[in-house]
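Encoded as C-alpha cells, the structure appears first; notes follow it.
The values are calculated or read from the model by the stated rules, or taken from the named source; none is laboratory data. This structure is a prediction, so every number in the text was calculated from the model and none was measured. Please note: Cβ atoms are built from the backbone with ideal geometry, for glycine as well, and neighbour counts cover all protein chains shown.
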Amino acid sequence: MIQGVCPICGKRFEVASIADHPGFPFCSNRCKLVDLGRWIDGRYVVPGVELRPEPDPAASSDEENEE
Ligand SMILES: [Zn+2]
C-alpha cells in the first residue's frame, strides 16, 4: 500500500500501487485537473513563493453543495 495526502484537498488516501492510481499524488482525477487548471491559470508561475493552496471556490464556498 502507498499512502498519500492529496495536495489539493488534503484528503488522505491509500492506493495499491501508483500503476493503479494514475492520478497520484492526487486523490482523484478531479483534484488532478484542479491542479492542472491552476498551472494553466498561471497561479504557480513562481513556484515556491506561494505554497498555500487557495481554497477552491467550487469546492469550499458552499458546503451544502457537495457532490
Ligand atoms: Zn483531492
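Scoring R38 on the criteria (1) over 14 Å from D56 (Cβ atoms); (2) surrounded by 11 or more Cβ atoms within 10 Å (Cβ to Cβ) leaves a single failure, condition (1). Out of all the residues in segment 15-33, which are out of contact with any helix residue (DSSP H, G or I) (no Cβ under 8 Å at 6 or more places or on another chain) and within 13 Å of the ligand (Cβ to nearest atom)? Once the filter is applied, which keeps residues that are out of contact with any helix residue (DSSP H, G or I) (no Cβ under 8 Å at 6 or more places or on another chain) and within 13 Å of the ligand (Cβ to nearest atom), segment 15-33 yields V15, H21, P25, C27, S28, N29, R30, C31, K32, L33.
With respect to V5, determine if the residue is hydrophobic (A, V, I, L, M, F, W, C) and either touching a Pro at 6+ places or on another chain (Cβ under 9 Å) or modelled with pLDDT of 90 or more (or both). Criteria met by V5. Give segment 22-31 a look and list any residue that's part of a loop (DSSP other than H, G, I, E, B), in contact (Cβ under 8 Å) with a residue 12 or more places away in the chain and not hydroxyl-bearing (S, T, Y), or say none. If the condition is that a residue be part of a loop (DSSP other than H, G, I, E, B), in contact (Cβ under 8 Å) with a residue 12 or more places away in the chain and not hydroxyl-bearing (S, T, Y), then F24, P25, F26, C27 are the ones that fit.
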